[in-house]
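The block underneath contains the structure these notes are about, expressed in structure tokens.
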Amino acid sequence: MADGPERATERALEIAAATHPDLDLTEIDPGIGRELVPLARLPEPAPPEARRSDVDQWGRSEHFRALTRRAFDPIYKHWFRVEWEGFEHLPEEGGALLVANHAGAIPPDAPSIMHGIEKDLGRPVYGLAEHLFRTLPVVGTLWSRSGGVTAHPDNAYRLLHDEERLVLVFPEGTKGTGKLYTDRYRLRRFGRGGFVDIAMRAGVPVIPIAVMGAEETMPILFKSPRLAKMLNIPYFPVTANMLAFGPAGLVAYLPAKFRIRVLPPVYFDVAPNQERYSRSRVMEESERIRRMVQDALYDMLRKRRSVWFG
Amino acid sequence: MRALVTGLSTYWGGRVAQALEQRPDVEVVVGVDTHDPRTPLERTEFVRTDSSHSILARIVRATQVDTIVHTHLVVDSTRATSRTLHEINVIGTMNLLAAAGAPSSPVRKVVLKSSGLVYGANKADPYFFREDMARTGPANTPVERSLLEVEGFVRDFADDNPHVDVSLLRFANVLGVDIDTPFTAALRRPVVPEILGFDPRLQFVHEDDVVDALMYSINNDIPGVYNVGADGNLPWSEVCAIVGKRRFALPPAFTNLAAEPARLLRLWDLPPEAMQLLRFGRTIDNTRYKHAGFRYSYTTATTIEAFAQALRLAGTIGDSSPSYRYQREVEDFFRHSPAVIRSPE
């Protein structure tokens, strides 16, 4: 073993002498190869990446998303008959924060918006939602595979700023989906305006979206705060669907006609990546965007002749 | 450089000492631990101490070391009771930092091996933890609490001693055939646990990258807190698939209780903090250390693949690592006997 490198060097010198007779090889020390042998064990080269699934680092699987799109497409087309207005306001590139109103006990607005944009604009949408999803077995995994991401400010920032994605957020959160049918189309508070803060930080516009129809797909008649507390969920609804179809009402939506109106993008004239932004400015912008969506909804409702046919 | 390595008998301490010995500019390597070293070492001087490093101040004064590498933080709570955990992590680090920060102390660099456990794994977590983010849930396990306490000491120490470069490295879960963690142990079994309905994103780091990362902080002056985890993350189901193991689903409720029989049968010993990982997963953002110049040899996927390949090899030819037994007389003879001709140059 010890004379291995020396023998190799000698052999190399012999070959060199035979092939290049003009070279002077007498100066070369035959022990020169010794230093090339590392003392520690040789590091093994990393094997190639052999993935068994296509789940990305956000937990999404394109394969699974294609499946859900295929399953949802008939519902989108024939059940909700989604129609878009102002689709041209959606950017073909760059990050943007889509902000929409939220309704329906188990809200169908998120998949409808995501499906429509992915189908017609060809850009993936990342839907931010309550971290409640992450705690649900099976449902949470499927939600994540299909493109759901926990609504954490840093997640949103990464998607908007670093990856320049379209990110969909419902600032009303469960206050929007958990409201009674009698309060329909009256927007709740837009959180604490966190979404404005993130858009400013990431340097992207907010695109307000008004969704009409989701309220009537699964109207909440009563709520049971006690059951909600027991099950540790934000609200326990008794929906019209449940009364009509029994347990099947948990998944059976009423066929309300969907209209989705995309409003012109709102740009904030501030430098991105600031340590913090003026609270009052953030609240002001948040309220202005809420007002825009609310006004658009009133306008759309004025024009709506029938809940079921639009 | 004169270096002191704590936890010499642990896998990490041994490998760091080996790497330090290779460097010609390292004059002295002193290693301390409670047990005999388990790796063959050329010139490292081994001193047996108690688990809380109470004689460290004397060793530092006597040896005039300028660099301390603290690899002896227990991050695997199956290895120690919460009492010894506290003793080793909290008291040990306290004594170590006291020794390093003593007046006229020669120490100019401290490198610590902490863990991503300080971030926890909770439902409200960001998908990628950066170094400046706090955990979102309370630290419920002794190991997490002790590591948080240790990091607090380290922050104070760095503030009080601006002339000392303090690098704190937080590692993702380590995979490698040579290292025993709850995850490597579980992945060696024919069946591997999962929590029914959960398939979290998990990140790993290769054992060689861990040693390289520690050496990188020793070799460069880059004080600060750094996450060290390989690029990317994989769902647990895929990790098991690559390693070629079947999964056994534990119920999503009362999970720790349900895992108890397996624990008693010594099938898997996954502590509560590992169970949290199987539920929510964790990924740490490694960009800060990359910006500091560190390069990984493995991604998370290749780390798992390398582990799977090494397991297959070990399954065929058996455990290939030669066993080494430390014998003080032999080691002393080679280091100090006048009969031995040292340093040929």
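Since every read-out is calculated from the coordinates, none of them should be taken as a lab result. Note that this is a predicted model, so its numbers are computed, not measured. We place every Cβ from the backbone using ideal geometry, glycine too, and count neighbours over all the protein chains shown.
Of note:
- FRET efficiency, 1/(1 + (r/R0)^6) with R0 30 Å, evaluated for B:E260 and A:Q57 via beta carbons: 0.35
- Span-rule helices in chain B, defined as complete DSSP H runs reaching 15 Å or more along the axis (Cα) with Kyte mean at least -0.5: B:142-160, B:207-219, B:300-317
- Of the residues A:I260, A:Y235, A:A96, the one whose Cα sits farthest towards the positive end of the charge dipole of region A:62-303 is A:Y235 (charges of +1 on Lys and Arg Cβ, -1 on Asp and Glu Cβ, taken about the Cα centre).
- For region A:115-143, no residue has its backbone nitrogen under 13 Å from a point 7 Å from the Cα of A:Y267, taken along Cα to Cβ.
- Proximity of backbone amide H atoms, modeled 1.01 Å from N, is registered between A:A96 and A:R165, A:L166, A:V167 at under 5 Å, excluding neighbours fewer than 5 places apart on the same chain.
- Among residues other than A:G173 with Cβ under 12 Å from its Cβ, the summed charge is +3 (Lys and Arg +1, Asp and Glu -1).
- Separation in nanometres of the label points that stand 7 Å from Cα toward Cβ, at B:D132 and B:V47: 3.9 nm
- Vicinal HN-Hα couplings computed from phi for region A:166-181 (Karplus, 6.51 cos²θ - 1.76 cosθ + 1.60; Hz; Gly/Pro x): 8, 10, 9, 9, 10, x, 5, x, 6, 5, x, 6, x, 7, 6, 4
- Listed residues A:F170, A:A202, B:T316: farthest to the positive end of the dipole of the protein assembly as shown (Cβ charges): A:F170
- Only helices enter this figure: runs of n ≥ 4 DSSP H residues, each worth -39500 (n - 2.57), summed and divided by the residues of chain A, yield -10000 deg cm²/dmol at 222 nm to the nearest 500.
- Computed over region A:159-201, relative contact order equals 38 percent, with contacts defined as Cα pairs under 8 Å that lie 6+ residues apart.
- Across A:K119/B:K245; A:K179/B:K123; A:K223/A:K303; A:K119/B:K290; A:K229/A:K303, pairs whose alpha-carbon gap is larger than 29 Å: A:K119/B:K245; A:K223/A:K303; A:K119/B:K290; A:K229/A:K303
- Between B:I317 and A:R69, the FRET efficiency estimated from the beta carbon spacing at R0 = 51 angstrom works out to 0.60.
- Legend: mean number of C-beta atoms from other chains within 10 angstrom of residue C-beta atoms, peptide A:133-140, equals 6.
- Distance from the C-alpha centroid of region B:72-138 to that of region A:230-299: 42 Å, rounded to the whole angstrom.
- Chymotrypsin sites (Phe, Trp or Tyr not before Pro) lying in DSSP loop within region B:188-282, provided at most 10 other Cβ fall within 10 Å: B:F254
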